[in-house]
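Asker: Structure below; questions to follow.
The values are calculated or read from the model by the stated rules, or taken from the named source; none is laboratory data. Please read all numbers here as calculations on a predicted model, not as lab measurements. Cβ sites come from the backbone with ideal geometry, for glycine too, and all protein chains shown count toward neighbours. Remember, those area values only see protein heavy atoms, side chains included, never the ligands or the DNA or RNA. Shrake-Rupley method; radii C 1.70, N 1.55, O 1.52, S 1.80 Å.
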Amino acid sequence: MDINLLQTHRTTILLDDVWNRGKFANDIYFSFHAAFNLKFRSGEFLYNGVFHENGSFSSPSPGEITIYDMNKNKISVGQHGYGPGADFSFGISLEDRKRIENGFYVKYTGYILYHYSKT
């Protein structure tokens, strides 16, 4: 799908795919992709993993995914996943389908803002 949802800190969050998983999982599953537009010499970006000073890397931090309907009422999140890269995904019960049909809000707290510069 690649629907552009948000551009901030040279990071674009895209709605990558939506699956009605029906009886298999009894949910609607949403997948989001983070794309980066990095500058060569310096810049910033959002990422949900940890880069250590020694050059090592820790896998994505799960953070918290919270969903709200258009009236800002919380909706329960079912199954969720992280990766590859800075991507994340989650499912919403088929019972909540009516609550999201006119849109919804996603709050994801897993991203870390990184600043970088070439030395």
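Asker: Can you list residue pairs whose Cβ atoms sit under 8 Å apart, with the first residue in the range 92-119 being more than 29 Å from S59 (Cβ to Cβ) and the second being open to solvent by 80 Å² or more (accessible area, probe 1.4 Å) and part of a helix (DSSP H, G or I)? Count only pairs 6 or more apart in sequence or on different chains.
Answerer: From the range 92-119, no pairs qualify.
Asker: Is it the case that the range 85-103 has a residue that's part of a strand (DSSP E or B), among the hydroxyl-bearing types (S, T, Y) and open to solvent by 60 Å² or more (accessible area, probe 1.4 Å)?
Answerer: Checking the range 85-103: not a single residue is part of a strand (DSSP E or B), among the hydroxyl-bearing types (S, T, Y) and open to solvent by 60 Å² or more (accessible area, probe 1.4 Å).
Asker: If you don't mind, there's one more thing I want to ask. Restricting the search to the range 3-20, which residues are closer than 26 Å to S76 by Cα, surrounded by 14 or more Cβ atoms within 10 Å (Cβ to Cβ) and touching a residue at least 24 places away in the same chain (Cβ under 8 Å)?
Answerer: Matches in the range 3-20: T12, D16.
Asker: May I pose another question? State the number of residues belonging to the range 55-80 that are in contact with a strand residue (DSSP E or B) (Cβ under 7 Å, 6 or more places away or on another chain), touching a residue at least 40 places away in the same chain (Cβ under 8 Å) and more than 18 Å from L5 (Cα to Cα).
Answerer: Qualifying residue count for the region: 6.
Asker: Return the residue satisfying two criteria in turn: it lies in the range 51-84 and is among the polar types (S, T, N, Q) and open to solvent by 60 Å² or more (accessible area, probe 1.4 Å), and of such residues it is farthest from the chain's Cα centre (by Cα).
Answerer: By that ranking, first place goes to N54.
Yes or no, residue by residue, for (1) modelled with pLDDT of 90 or more; (2) out of contact with any His (no Cβ under 9 Å at 6 or more places or on another chain):
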| site | (1), (2) |
| --- | --- |
| E44 | yes, no |
| H52 | no, yes |
| G85 | no, no |
| S89 | yes, no |
| E95 | yes, yes |
| Y105 | yes, yes |
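Asker: Checking S42 against (1) open to solvent by 80 Å² or more (accessible area, probe 1.4 Å); (2) more than 22 Å from I67 (Cα to Cα), which single condition isn't satisfied?
Answerer: For S42, the failing item is (1).
Asker: Considering only the range 76-111, how many residues are in contact with a helix residue (DSSP H, G or I) (Cβ under 7 Å, 6 or more places away or on another chain) and of a type in the set (A, V, I, L, M)?
Answerer: Within the range 76-111, residues that are in contact with a helix residue (DSSP H, G or I) (Cβ under 7 Å, 6 or more places away or on another chain) and of a type in the set (A, V, I, L, M) number 1.
Asker: Among the residues of the range 26-35, which ones are in contact (Cβ under 8 Å) with a residue 40 or more places away in the chain and under 23 Å from D2 (Cβ atoms)?
Answerer: Hits for the range 26-35 are D27, I28, Y29, F30, S31, F32, H33, A34.
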